[in-house]
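These notes are about the structure you will find just below.
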Amino acid sequence: MKERTLDNTERTEYLSGEYMVLEPLTLEHVPALSLAVADGELWQLWYTSAPHPDEMKSYIETAIAAEQRGEVLAFAVRDKRSGELIGSTRICAWDQENRRLEIGHSWYAKRAQKTGINTEAKLLLLSYAFETLDVMAVEFRTHWHNQASKEAITRLGAKQDGVLRNHKILKDGTVRDTVIYSIIDSEWPTVKQHLKFRLQQNQKL
């Protein structure tokens, strides 16, 4: 199986769970992800970064370019049961010196929201971050007004670190206050057990 790298660290091509597979994001995913993002018209949510279907090609090209620079690992999310692509997510902002990274740029088709898909995706990415990349902290960032995202991150077991006020100017001209959460390595065993339990109980996130 081929290997890809993030700042010269090798990993396997796919991260696979019971319900979904994280596969390397490529331009071949443009048509299917354009359909996925249209389910719920996710780009209409002004506090998210989901692309318009017409922007999907450039969105993926930007992600691939960032990966080639060693800045991110970008994934398409495939539902194992249906075989359909239902979203995208990334590992990004890896600070090797300080052993920290961020999991973000996550969006899912409406039909996949509030299911076990997001729970398992985060379990796979967190396991990879703590157990393969040996980080000591994983960050999650979201818009102050994205209440659903804040609640989902909290339910993962992450704790709020703080708020960066006037952090970013978004493409619609509004200014984003960014809420930062994290899970640290000492918390990971308990968080992992919690996420596995949620999946076993088929609880919704």
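Bear in mind these aren't lab numbers, they're just calculated from the coordinates by the rules spelled out. Fair warning: this is a prediction, and the values are worked out from it, not measured in the lab. No Cβ is skipped: glycine too gets one built from the backbone with ideal geometry, and neighbour counts run over all protein chains shown.
Observations
- Structure remark: mean-square fluctuation, Gaussian network model of the chain, C-alpha springs under 10 Å; the largest value among Glu84, Glu67, Glu102 belongs to Glu84.
- Counted charge near Val179, where neighbours are those whose Cβ lies closer than 14 Å (Asp, Glu -1; Lys, Arg +1): +1
- Length added when fully stretched, Leu170-Glu131, from 0.36 nm per residue minus Cα-Cα: 10.6 nm
- Phi to ³J(HN,Hα) by Karplus 6.51 cos²θ - 1.76 cosθ + 1.60 over region 142-155, Hz, x for Gly, Pro: 8, 5, 3, 8, 8, 4, 4, 5, 4, 5, 5, 5, 4, 5
- Distance between the 7 Å Cα→Cβ label points at Arg81 and Glu61: 3.7 nm.
- Counting every alpha-carbon pair across region 117-171, the share separated by more than 16 Å comes to 52%.
- Averaging 1/r over each pair of different alpha-carbon atoms in the chain and inverting the result gives 17.3 Å, the Kirkwood hydrodynamic radius.
- When the convex hull of its Cα atoms is viewed from all sides, region 97-205 shows a mean projected area of 7.5 nm².
- The alpha-carbon atoms of region 39-130 define a convex hull whose volume equals 111 cubic angstrom per residue.
- The calculated FRET efficiency for the pair Asp177 and Gln96, based on their C-beta separation and a Förster distance of 25 Å, comes to about 0.35.
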